[in-house]
Structure formats: C-alpha cells, structure tokens
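Comments concern the structure below.
The values are calculated or read from the model by the stated rules, or taken from the named source; none is laboratory data. Since we're looking at a predicted model, the values are computed, not measured. All Cβ positions, glycine included, derive from the backbone under ideal geometry; neighbour counts span all protein chains shown. Accessible surface is based on the protein model in full, side chains and every heavy atom, while ligands, DNA and RNA are left aside. Shrake-Rupley method; radii C 1.70, N 1.55, O 1.52, S 1.80 Å.
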Amino acid sequence: MGIFDKIKHAIFGEAKAAEPVATSAPKTEPAQAPVSPSAAPSPAPPASPAQSKPTTVDIVPILDAAVKKNGQKLDWRHSIVDLMKAVGMDASLAERKELAAELGYTGDTNDSAKMNMWLHKALMKRLSENGGKVPADLLD
C-alpha cells in the first residue's frame, strides 16, 4: 500500500467507522396496478449502479477531529506534514519524497518547502478525485 493509500484509508476509513452500520433491509418495489392480459406489460428499468452513488466523504470534520484527538496544534489545511501527523503517519522527509513520487512530482525533492506546498495541493486534488469532499479553497 502506497503513502497516498495510507492517507486515504486513514481519512476515509475513519468516515466509514463513523457511519452507522446499515442493515440489509430488502428493497421494496412500488405497488403496480394489475395488468390485463391484453395490455402489454412495460418492463421496469433495471437497477443501475448509478442509483447506489458512492458515498462522498467530507474530509473537514474527520481531519479536524483527528487534530483534536492528536492533541498537538496542527494546521492540516496548509501543511502536508501536519496532515500526515494528524492521521498518525510518519511525516518524515523520506515519506514525503515517496508520496511526491507517487503523485507525480517532477520538481526538486531537496527543495522541501516547494515540494510540501505542491504535495498538499496534489493530495487535496487526489482526495477529491477519490470521493473526498474537499473545500474549494484547498483545491486552488
């Protein structure tokens, strides 16, 4: 599992854990009027996967709760290091360089300030693409 997947699992896994467990209640179909033998029945449209939309995970309350639980003053909204710490990950330069490689960073990984800024934006974008509800100001 890559660094991005670990971050995603840490955030989205927390969301899944916070959701109430859904019971498998049978789906009820709407009652249909009796069809006379002379009337041609109209087939019901098949259930499509689009009807079961993937759940969007709002990352803000999850990461805010992670920061609170961590007990440190962390600014996950602006710092990739703080975000990684908030979800209980190693935020070392080596880990961030590995994440940069995963996300396609082509800049100088020795310029950690520039890389960190790029990483944060790229991570927010990737979380958004994978079902995360990310505030618009973090996607700029």
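Could you tell me whether segment 49-60 includes any residue that is over 16 Å from the mean Cα position of the chain (by Cα) and either in a loop (DSSP other than H, G, I, E, B) or modelled with pLDDT of 95 or more (or both)?
Yes, that holds for at least one residue.
Need the failing condition index for Ile80 against (1) under 25 Å from Val57 (Cα atoms); (2) open to solvent by 30 Å² or more (accessible area, probe 1.4 Å), just the number.
Of everything listed in (1) under 25 Å from Val57 (Cα atoms); (2) open to solvent by 30 Å² or more (accessible area, probe 1.4 Å), Ile80 misses just condition (2).
Would you confirm, using the coordinates I've provided, whether Asn116 is surrounded by 11 or more Cβ atoms within 10 Å (Cβ to Cβ) and closer than 16 Å to Ile3 by Cβ?
yes
Could you figure out which of (1) open to solvent by less than 30 Å² (accessible area, probe 1.4 Å); (2) at positive phi; (3) small (Gly, Ala, Ser) isn't true of Gly104?
Unmet condition: (1).
Output the number of the condition that Met89 fails; it satisfies all remaining conditions of (1) assigned to a helix (DSSP H, G or I); (2) under 12 Å from Phe4 (Cα atoms).
(1)
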